[in-house]
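Peer 1: Dumping the structure here so I can ask a few things about it.
The values are calculated or read from the model by the stated rules, or taken from the named source; none is laboratory data. Keep in mind the model is a prediction, meaning the values are calculated, not measured. In this analysis, Cβ positions are derived from the backbone assuming ideal geometry, glycine residues included, and neighbour counts consider all displayed protein chains. Ligands, DNA and RNA are excluded from the accessible area calculation, which covers all protein heavy atoms including side chains. Shrake-Rupley method; radii C 1.70, N 1.55, O 1.52, S 1.80 Å.
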Amino acid sequence: MSNKYGICKNCIMDSSDSSIEFDENGQCIYCNNFYNTILPKWQSNLEDEKGLYKVIDQIKQEGKDKDFDCIIGLSGGLDSSYLTYIAKVKFNLRPLLFHVDAGWNTDKAVGNIEKLVDALGLDFYTEVINWEEMKDLQASFLKAQIPHQDIPQDTAFFSALYKFARKHRIKHVLTGGNYSTECIREPDEWGVCPGIDKTLILDIHSKYGTKPLKTFPIIDVFVSKVYYKYILGMQVFKPLDFIQYIKSDAEGELYKFCGWEKFKHKHHESRFTRFFEDYWLPKKFGFDKRRAHFSSLILTNQMTREDAMKRIEHPELDEHFIEQEFEYISHKLGLTSDELKIIFEGDNKSINDYKNKQFLVNLGSKFMQKFGLEKRLYK
Ligand SMILES: [Zn+2]
């Protein structure tokens, strides 16, 4: 592999992804995967209205004697908000709206949830994660020096929802996952994990944690993918891949419907994620997730490459704001800003410095890709 800088001629993914490859036209593997694998599947989804309504009818049928026919995890961000809106308004489903409060909601996210829930008149449930445990796990992850700083929040969101659905026998989970705004999935080294790796979480917590995790929900990837799916029969459906889902149109529609307010950038519904993705990860590790977010929008014709290049030249958050957030986040996590600064300046590590089962998880992802169950590129 060469150390020379390279950037795709079509999107803005670059060699900050250490295993990126370019073809003879200078187009990257993500673009080729989009045009060759995702786009044909996506187009056939969009043309298959019958197939879509068959799934919707089945969800209604199976839920007809129950209080709810499906569950939606609502964060207040665009994807889950728009999903909630169409589930009720377009498909006439009866979802239970489920929100996990892990302590980092922005005011805008909370406002959006309230507006949407009121306007739709749907049942809404909030699960509050034990803050002392959440804090301890997040501080442990920061001390572990790995790029994957959103594992504690992601684990809480996903696991709490699955546990709740299981307890209340809700079989259908609707998610806002979609090709339109996330057809390029950032590589694992940029701090994402395909599924929840309980081995990794517990190893990091055993090294740096100070309090036992008594109530913190952790459902391991193999439990959700095997036990929940095949034994309990839980089904995950992504309706946004079956309709014309255009980011700016969806924002406008939600605003008109209930005054829902758009965010400056993806994932800004969580104050921690905003800090992590737009400051910690690019500044400490050199990984800018906006490359994947904007490249997805370029591929789906919602942003020009030129605009993306311009926007990525500058950080998303200004210096003064970052200083305030640095202070806020360190105190909330029970650290002084100096302590957080020392962690920030410490040596970076990777998840391979800890026990994990990524080898097995990756094997699972490769299997899913081989059999066409996952179209996005996992690497
Ligand atoms: Zn590309």
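Peer 1: How about the range 323-377: which of its residues are aromatic (Phe, Trp, Tyr), under 30 Å from Lys225 (Cα atoms) and buried (at least 17 other Cβ atoms within 10 Å of the Cβ)? Don't jump to the end; show me each part of the working.
Peer 2: To start, the set of residues in the range 323-377 that are aromatic (Phe, Trp, Tyr) comprises 326, 328, 344, 354, 359, 367, 371.
From what is left, the residues that are under 30 Å from Lys225 (Cα atoms) are 354, 359, 367, 371.
Matches in the range 323-377: Tyr354 only.
Peer 1: Taking Lys379 and the conditions (1) at pLDDT 95 or above; (2) assigned to a loop (DSSP other than H, G, I, E, B), which numbered condition does it fall short on, given that it satisfies the others?
Peer 2: (1)
Peer 1: List pairs: first residue in the range 26-44 and under 20 Å from Leu240 (Cα atoms), second residue part of a helix (DSSP H, G or I) and within 12 Å of the ligand (Cβ to nearest atom) anywhere in the structure, Cβ distance under 6 angstrom, at least six positions apart or on different chains.
Peer 2: Pairs found: Phe34/Leu299.
Peer 1: I would also like to ask the following. So for the range 89-107 (the condition being part of a helix (DSSP H, G or I) and open to solvent by less than 50 Å² (accessible area, probe 1.4 Å)), does at least one residue qualify?
Peer 2: If we filter the range 89-107 for residues that are part of a helix (DSSP H, G or I), which is where we start, we get 89, 107.
From what is left, the residues that are open to solvent by less than 50 Å² (accessible area, probe 1.4 Å) are none.
No, every residue in the range 89-107 fails to be part of a helix (DSSP H, G or I) and open to solvent by less than 50 Å² (accessible area, probe 1.4 Å).
Peer 1: Moving to a separate point now. Taking the range 1-49 only, how many residues are part of a loop (DSSP other than H, G, I, E, B), acidic (Asp, Glu) and within 16 Å of the ligand (Cβ to nearest atom)? Give the derivation first.
Peer 2: Initially, the range 1-49 is screened for residues part of a loop (DSSP other than H, G, I, E, B), giving 1-6, 8-13, 15-21, 23-27, 48.
With acidic (Asp, Glu) added as a condition, the list becomes 17, 21, 23-24, 48.
The next check asks that each one be within 16 Å of the ligand (Cβ to nearest atom); those that pass are 17, 21, 23-24.
The qualifying residues number 4.
Peer 1: Collect the residues in the range 183-198 that are buried (at least 20 other Cβ atoms within 10 Å of the Cβ) and part of a helix (DSSP H, G or I), keeping them in residue-number order.
Peer 2: Passing the criteria: Asp188, Trp190.
Peer 1: Okay, next question. Which count do you get for residues in the range 199-225 that are under 18 Å from Leu161 (Cβ atoms), open to solvent by less than 20 Å² (accessible area, probe 1.4 Å) and assigned to a helix (DSSP H, G or I)?
Peer 2: 3
Peer 1: A follow-up question, please. Would you pick out the residues in the range 110-121 that are surrounded by 22 or more Cβ atoms within 10 Å (Cβ to Cβ) and of a type outside the set (S, T, N, Q)? Spell out how you get there, then give the answer.
Peer 2: From the range 110-121, those surrounded by 22 or more Cβ atoms within 10 Å (Cβ to Cβ) are 112-113, 116; that's our starting set.
Within the range 110-121, Ile113, Leu116 qualify.
Peer 1: Could you tell me whether any residue of the range 195-216 is among the basic types (Lys, Arg) and out of contact with any helix residue (DSSP H, G or I) (no Cβ under 9 Å at 6 or more places or on another chain)? Break it down stepwise before answering.
Peer 2: Looking only at the range 195-216, we keep the residues that are among the basic types (Lys, Arg), and these are 198, 207, 211, 214.
In the following step, the residues that additionally are out of contact with any helix residue (DSSP H, G or I) (no Cβ under 9 Å at 6 or more places or on another chain) were identified as none.
No.
Peer 1: Another question, if that's okay. Restricted to the range 239-273, and to residues that are of a type in the set (D, E, K, R) and open to solvent by 80 Å² or more (accessible area, probe 1.4 Å), which residue is modelled with the lowest pLDDT?
Peer 2: Step one: list which residues in the range 239-273 are of a type in the set (D, E, K, R), which gives 241, 247, 249, 251, 253, 256, 261-262, 264, 266, 269, 271.
Next, only the ones that are open to solvent by 80 Å² or more (accessible area, probe 1.4 Å) stay: 249, 256, 261-262, 264.
Details: Asp249: 98, Lys256: 98, Glu261: 97, Lys262: 96, Lys264: 88.
Looking at the filtered set, the residue picked out is Lys264.
Peer 1: Name the residues in the range 303-323 that are touching a residue at least 40 places away in the same chain (Cβ under 8 Å) and either closer than 22 Å to Asp249 by Cβ or acidic (Asp, Glu) (or both), would you?
Peer 2: If we filter the range 303-323 for residues that are touching a residue at least 40 places away in the same chain (Cβ under 8 Å), which is where we start, we get 305, 308-309, 312, 316-317, 322.
Arg305, Ala308, Glu316, listed by residue number.
Peer 1: Can you tell me which residue in the range 50-74 is farthest from the ligand (Cβ to nearest atom), limited to those that are assigned to a loop (DSSP other than H, G, I, E, B) and surrounded by fewer than 12 Cβ atoms within 10 Å (Cβ to Cβ)? Write out each step before concluding.
Peer 2: From the range 50-74, those assigned to a loop (DSSP other than H, G, I, E, B) are 63-69, 74; that's our starting set.
Now narrow it down to the ones that are surrounded by fewer than 12 Cβ atoms within 10 Å (Cβ to Cβ): 64-65, 67.
Details: Lys64: 46, Asp65: 49, Asp67: 46 Å.
Checked the range 50-74; the qualifying residue farthest from the ligand (Cβ to nearest atom) is Asp65.
Peer 1: What are the residues in the range 108-146 that are more than 19 Å from the chain's Cα centre (by Cα), within 19 Å of Gly346 (Cα to Cα) and not in a helix (DSSP H, G or I), if any?
Peer 2: Of everything in the range 108-146, just one residue is more than 19 Å from the chain's Cα centre (by Cα), within 19 Å of Gly346 (Cα to Cα) and not in a helix (DSSP H, G or I), namely Gln145.
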